Amino acid sequence: MTAIDVNSSNTRARPIVMSLTDAAVDRIKHLMARSGKDTGGLRIGVKNGGCAGMEYTMEFVDEPDKFDEVIEQGGARVLIEAKAVLFLFGTTMDYEVDTLRAGFVFNNPNQTSACGCGESIELTPVSAEMLQRG
């Protein structure tokens, strides 16, 4: 899957940073509708924290930041913080429901480990070589 860089005078195809499953699209659309206001999308990022070193962040925002990577899929809009792109490249975002919990799950090829409680992860940024292959 590729996207077209429309902000450039030289239009070129580029790889999609993250994809969404149908379940994730449905849940994001549901949450956006339930908010009762026009939202710019769900911003996803990473921050330092937790026992494994990093944590995912998610928040609904009114509009994208200038350097957010915008992913629109099936009516859902996800914004990837610029500083998180190299950590999320190749990730699939899912929404899972089981007996004890429901939530978003990130199937991230850049994850090298996770803590026992599942709240934090260790991520290695994708290399420039992998981006070129994208």
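The values are calculated or read from the model by the stated rules, or taken from the named source; none is laboratory data. These figures come from a predicted structure and were not determined experimentally. Positions of Cβ are generated from backbone atoms using ideal geometry, with glycine treated the same way; all protein chains shown enter the neighbour counts. To get the accessible areas, we keep the full protein, side chains included, count just its heavy atoms, and leave off ligands, DNA and RNA. Shrake-Rupley method; radii C 1.70, N 1.55, O 1.52, S 1.80 Å.
If I filter region 100-109 for residues that are within 16 Å of LYS29 (Cβ to Cβ), under 14 Å from the mean Cα position of the chain (by Cα), open to solvent by 70 Å² or more (accessible area, probe 1.4 Å) and modelled with pLDDT of 90 or more, do I get at least one hit?
So far as region 100-109 goes, no, none of its residues is within 16 Å of LYS29 (Cβ to Cβ), under 14 Å from the mean Cα position of the chain (by Cα), open to solvent by 70 Å² or more (accessible area, probe 1.4 Å) and modelled with pLDDT of 90 or more.
Restricting region 39-58 to residues that are in contact (Cβ under 8 Å) with a residue 40 or more places away in the chain and more than 13 Å from LEU123 (Cα to Cα), which is least open to solvent (accessible area, probe 1.4 Å)? Step through it out loud before you land on a result.
Within region 39-58, the first condition is being in contact (Cβ under 8 Å) with a residue 40 or more places away in the chain, and the residues that meet it are 44, 46, 49-56, 58.
So of that shortlist, the ones also more than 13 Å from LEU123 (Cα to Cα) come out as 44, 58.
On the way: ILE44: 0, MET58: 89 Å².
This residue is ILE44.
Do we find that ALA114 is under 16 Å from GLU55 (Cα atoms), at pLDDT 90 or above and open to solvent by 50 Å² or more (accessible area, probe 1.4 Å) in this structure?
When the stated conditions are applied, ALA114 does not pass them.
Residues VAL97, VAL78: which one is farther than 22 Å from ILE16 by Cα and in contact with a helix residue (DSSP H, G or I) (Cβ under 9 Å, 6 or more places away or on another chain)?
VAL97
Condition first: buried (at least 18 other Cβ atoms within 10 Å of the Cβ) and of a type in the set (A, V, I, L, M). Now tell me which residues in region 26-38 satisfy that.
Matches in region 26-38: ILE28, MET32.
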